[in-house]
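Reviewing the structure listed below.
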Amino acid sequence: MAQQFEFDLFTIGAGSGGIAGSRRAASYGGRVGICENSRVGGTCVIRGCIPKKLLVHGAHVAEEIEEAAGFGWTIPVPTFSWPDLIAAKNREIDRLNAIYLQMLDGAGVELLEGRGRMVGPHAVQVGDRIVTAQRILIATGSRPVLPPIPGIEHAITSEEALNLPALPKRLVIVGGGYIAVEFAGIFQALGGKVTLVIRGDAVLKGFDHDVRSHLTQEMVRSGMTILAGAAVDRIERAGTDIRAHLHNSVKVLEADHILYAVGRIPNTGGLGLRDVGVELGPLDAVAVDEWSRTNVDGIYAVGDVTNRKNLTPVAIAEARAFAETAFNDNPTRFDPSRAPTAVFSMPPVATVGLSETESRQRGHAIDVYHNCFRPLKHTLSGSNRRVMMKLVVDRASDMVLGCHMVGADAAEIMQGLAIALECGATKTQFDRTVGIHPSSAEEFVTMREPSQAPPDKHFRANV
Ligand code: NDP
């Protein structure tokens, strides 16, 4: 049956999900092809997680230099070259892109350069070529969304922000999600003056309320301006300046750039999906079941294009689960509910499991353990940053439902705690675990007394 098709699997989109699913399918002997209309590696590698994290590392160097005097260092007035950092970052992206190309080649996956468009339930057109495959995997990712306000053409997105020719002295960022707070941290630490415009009271809607309030306070403490409950009505250019007019306010924000980070939408346009009967859901995301199957037999989708949990490791896990099921006779469904996540803001955030509010909403009677402290390093560094840690525990079963942290190395620490939650760890087991001393992480195993904080406290950012 499969022999009537040129490929067993053809993947549209060579980002994290598409590459992972294609390689796994090929490793089980599938004849696999993949197409990509931009650079192989996708959003995460080329214009997302990786370049962003490299800039975050650059920004942390600024912090270290600032704090060095407290440890006896005299550092002559440092200079910083944004173009040098961008060039170094680009060299690393080029290196990774080459590695991904090699990986596809090594796995025996045939790469077609160009945009894929479905021209039949088993047929994809790429340029002049039409390929046929028994199964098609849609893995085209997402792109930044820009609201239709006057002057929006003057705004930039995270993609341009990663390649600005010069470091902006003044930057307005609209949005309070992952991307907004990460870029706010980078540009503020590197010497820019950042103004964040958010609709709500605090950044990172959807995260635990203590995470949200703590990060918002830390961002303000680092010198950013956060305009809460605010919105930009229109944007105009005045010479080299950008002017952002605020809703219901005479206030006009002037900046070198205005960066919009107000969410991403699935890349489903021009793929011919509706023509072959594939159902699209809200935001035109590809509608899939828990096996990543669309409503059309043989067509699957993974990653941001399905708008489930839009994280690179989740896209990879979904893609591998698909390949295990379809090519290894090993039915595998991926459950993202305990997927940890980190926000590389300054300071960083990391979390796994349920927030306090989610736990209550699901009917758990809970105990909350909360600690906010000055880490040892800052007794000498002169910094007044504080670390926040929190555990949410189910009172009946003693199981830890959620771990949350704002502070240095949060992502590195949370990865280990995610394993504990995956194993169903209880608070008693956390308590029995010996701490590593002196570290911040040990606080996660030494919090003894539940906090008495009211369950629904709210926070409003400094305006
Ligand atoms: P998010 O969904 O995280 O946040 C969107 C933000 O924009 C929210 O603060 C939202 O406000 C605000 N917003 C939405 N519409 C408007 C509007 N019209 N005007 C003003 N503000 C608006 O989106 P991001 O773009 O930051 O990131 C996209 C996705 O990429 C994330 O959800 C995440 O899954 C992924 N990502 C993950 C990273 C990581 O793992 N470290 C890093 C970067 C991205 P409100 O809160 O009021 O709704």
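The values are calculated or read from the model by the stated rules, or taken from the named source; none is laboratory data. Remember, it's a predicted structure, so these values are computed and weren't measured experimentally. Because the Cβ atoms are built from the backbone with ideal geometry, glycine has one as well, and the counts that use them run over all protein chains shown.
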### Task
Could you check Val109 against (1) within 16 Å of the ligand (Cβ to nearest atom); (2) more than 24 Å from Gly191 (Cα to Cα) and say which number it fails?
(1)
### Qualifying residue in region 416-438 (condition: crowded, with 19+ Cβ neighbours inside 10 Å, out of contact with any helix residue (DSSP H, G or I) (no Cβ under 8 Å at 6 or more places or on another chain) and either modelled with pLDDT of 95 or more or within 19 Å of Leu354 (Cβ to Cβ) (or both))
yes
### Message
Among the residues in region 295-316, are any of a type in the set (Lys, Arg), assigned to a helix (DSSP H, G or I), in contact with a helix residue (DSSP H, G or I) (Cβ under 7 Å, 6 or more places away or on another chain) and at pLDDT 95 or above?
### Response
no
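Does Ile173 satisfy being within 11 Å of the ligand (Cβ to nearest atom), part of a strand (DSSP E or B) and touching a residue at least 12 places away in the same chain (Cβ under 8 Å)?
Working: within 11 Å of the ligand (Cβ to nearest atom): yes; part of a strand (DSSP E or B): yes; touching a residue at least 12 places away in the same chain (Cβ under 8 Å): yes.
Here the answer is yes, as Ile173 does meet what is asked.
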### Query
Taking region 11-44 as the search range and keeping residues that are more than 13 Å from the ligand (Cβ to nearest atom) and among the β-branched types (Val, Ile, Thr), which one is nearest to Gly192 (Cα to Cα)?
Val40
#### Entry: region 320-354, residues that are under 23 Å from Trp291 (Cα atoms) and either free of Cβ contacts under 8 Å to residues at least 12 places away in the same chain or part of a loop (DSSP other than H, G, I, E, B) (or both)
Asn328, Asp329, Asn330, Pro331, Thr332, Arg333, Phe334, Asp335, Ser337, Ala339, Pro340
### Query
Out of region 176-202, which residues are near the ligand (Cβ under 10 Å from one of its atoms), touching a residue at least 40 places away in the same chain (Cβ under 8 Å) and among the aliphatic types (A, V, I, L, M)?
Ile179, Ala180, Val181, Val197, Ile198, Ala202
### Message
Scan region 259-273 and tell me whether some residue there is within 16 Å of the ligand (Cβ to nearest atom) and over 30 Å from Asp335 (Cβ atoms).
### Response
yes
### Message
Can you list residue pairs whose Cβ atoms sit under 7 Å apart, with the first residue in region 213-238 being within 20 Å of Lys169 (Cα to Cα) and without any contact (Cβ under 8 Å) to a residue 60 or more places away in the chain and the second being within 13 Å of the ligand (Cβ to nearest atom) and part of a helix (DSSP H, G or I)? Count only pairs 6 or more apart in sequence or on different chains.
### Response
Met224/Ala184
### Query
Looking at region 139-157, which of its residues are within 13 Å of the ligand (Cβ to nearest atom) and in contact with a helix residue (DSSP H, G or I) (Cβ under 7 Å, 6 or more places away or on another chain)?
Gly141, Ser142, Pro144, Leu146
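Is it the case that Pro150 is more than 20 Å from the chain's Cα centre (by Cα) and within 21 Å of Ala62 (Cα to Cα)?
On the way: more than 20 Å from the chain's Cα centre (by Cα): yes; within 21 Å of Ala62 (Cα to Cα): no.
For Pro150, the condition - more than 20 Å from the chain's Cα centre (by Cα) and within 21 Å of Ala62 (Cα to Cα) - is not met.
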### Task
Evaluate the following for Thr357: is it within 16 Å of the ligand (Cβ to nearest atom), part of a helix (DSSP H, G or I) and of a type in the set (Val, Ile, Thr)?
yes
### Task
Run down Ser345, Ser355, Ser381 and say which single residue is modelled with pLDDT of 95 or more, crowded, with 18+ Cβ neighbours inside 10 Å and more than 20 Å from the chain's Cα centre (by Cα).
Ser381
## Note on the structure
Among residues of region 226-241 being within 16 Å of the ligand (Cβ to nearest atom) and not in a loop (DSSP other than H, G, I, E, B), the residue surrounded by the most Cβ atoms within 10 Å (Cβ to Cβ) is Ile226
### Message
Anything in region 274-303 that is among the small types (Gly, Ala, Ser) and either more than 30 Å from Ile173 (Cα to Cα) or within 16 Å of the ligand (Cβ to nearest atom) (or both)? List them, or say none.
### Response
Gly277, Ala285, Ala287, Ser292, Gly298, Ala301, Gly303
### Message
Quick check on my filter: what residues within region 297-313 are of a type in the set (A, V, I, L, M, F, W, C) and over 12 Å from Gly18 (Cα atoms)?
### Response
Ile299, Leu311
